[in-house]
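The values are calculated or read from the model by the stated rules, or taken from the named source; none is laboratory data. This one's a predicted model, so the numbers in the text were calculated from it and none came from an experiment. A quick note on method: Cβ atoms are made from the backbone with ideal geometry, for glycine too, and the neighbour counts reach across all protein chains shown. Surface areas here come from the heavy atoms of the whole protein model, side chains and all, with no ligands, DNA or RNA. Shrake-Rupley method; radii C 1.70, N 1.55, O 1.52, S 1.80 Å.
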Amino acid sequence: MQTTKLSITDTFGLGFMAFAFFLGAGNLIFPTFAGFLAGENMPLAMLGFLLTAVGMPLIGLIAVAKSNGKIMAYLPPFAATALAIAIYIIIGPAFAAPRTSLVAFEIGARPFIANPDAVVMIAGQSINIAQLIFTLVFFAIVMVMSLFPGKLLDSVGKVLTPILILLLVALAMSVLFLSGSEVGAPVDEYLSSPLSKGIIEGYNTMDTLASILFGMLIIDLLRKKGIENAADQTKYLIRAAIIAASGLAFVYISLFFLGVTAGDLATGASNGGVILTNYVDHHFGMLGIVLLSTVVALACLTTGIGLVTACSEFFNELLPKISYQRFVIFFSVVCATVANVGLSQLISISVPVLMTIYPVAIALVLITLITPKFARPAFSQRLVLSVALAFGILDGFKAAGVDMSTFNFLPLHAEGMAWLLPTVIVTVVCLFLPRSAQSNSAA
């Protein structure tokens, strides 16, 4: 039987595609702002950020590969479906996908629009007309490219991503060779707990959630390329994961250094996008603005395509009577609608949700890798994820502004990571559980 193999070019194309899907809206903004706020504590903050924004997505892709795309196999069908739907909605039409167009507008389009804040009244609501037009065009492009998923590896991995990488390398080299300002003092939580603050900032990229989606999408693309053998799928997916993680680490480290040496360029900045814009305007003028706009537009566009494609594939399998193409059109329209809520409002709503669901995603990814060590794998997975969810809900309420002082006795509760220690303890306990009587009799 002849086995299909990927060429070196196709393998790198697969890795570049994964990198491009991950590198989207928040990935250029959050590390820059975190570097600025962390100041002298930047190394610890960056380490924490890299753990959840690079390490966990890498492990997530490996977990999907090791489980042959069945990362939720040990969960009850209802729980697995509910968790999958929640992740796909969060990473898709509710938060991450609409955010791609908003960041692309704020950084990639706003500098070139004469009156970017002009509004019109639609159904009694004030709508930014420039943002409305931009998001409609943005998701029209996303929709067209997502309608042909078989061409994703060629169009994204081999065409768009190399351009994106060249532009990012140019930006990173400028950070390395152009002198910056002196490093300032850390502020807020970066002063008292920079490592844990960096870890939580990494949540905002949503990349651990995305790794579960993109891992399954890549496996599907491999099948369409003729790679049917599970071992080969695992091998190529791990290679793609390493390429993607290396690219993400390179970008994040560069942006952390850009932020920490921004100095006066970051004065009054409310997000990393402002710092980036000021930086390239100061050093490169209009050419720099065009460069930054191109980088952001490509990054956000490729991520938007990946998210809409992954969501459409999932819901098409869940509801096969509705075609993949109809889901693409539906999600593109929903994303364009949600995007016009506004960037700041969308981010503020998403934070409590992420604080709740992220612990479950991290626990799922890590426990998948050690599931063969459990004597009772199904029970262990369900117990660990239940504990992660319960304590994640506490962190989510705290992030939403609810008074949770009653739980201040919990370790790491103040840092927003109350879930961590209980989840680790339960995981360790599950490693020492004996086999059930039913399992022993079956053996």
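Some observations on this one:
- Some residue of the range 38-59 being of a type in the set (Ser, Thr, Tyr) and surrounded by fewer than 24 Cβ atoms within 10 Å (Cβ to Cβ): yes
- Test: residue in the range 378-399 that is surrounded by 21 or more Cβ atoms within 10 Å (Cβ to Cβ), more than 22 Å from Asp207 (Cβ to Cβ) and hydroxyl-bearing (Ser, Thr, Tyr): yes
- Filter pass, Leu433 being modelled with pLDDT of 85 or more, surrounded by fewer than 19 Cβ atoms within 10 Å (Cβ to Cβ) and touching a helix residue (DSSP H, G or I) at 6+ places or on another chain (Cβ under 8 Å): yes
- Members of the range 212-248 found to be hydroxyl-bearing (Ser, Thr, Tyr) and farther than 18 Å from Leu28 by Cα, listed by number: Thr234, Tyr236
- Subset of the range 190-207 that is among the hydroxyl-bearing types (Ser, Thr, Tyr) and assigned to a helix (DSSP H, G or I) - its residue that is surrounded by the fewest Cβ atoms within 10 Å (Cβ to Cβ): Ser192
- Scanning the range 346-368 for residues that are under 19 Å from Val402 (Cβ atoms) and open to solvent by 30 Å² or more (accessible area, probe 1.4 Å) gives Ile347, Ser348, Ile349, Val351, Val353, Thr356.
- Total residues in the range 255-271, condition open to solvent by 30 Å² or more (accessible area, probe 1.4 Å) and either part of a helix (DSSP H, G or I) or within 13 Å of Ala185 (Cα to Cα) (or both): 4
- Residue check for Pro31: more than 19 Å from Pro359 (Cα to Cα) and at pLDDT 90 or above: yes
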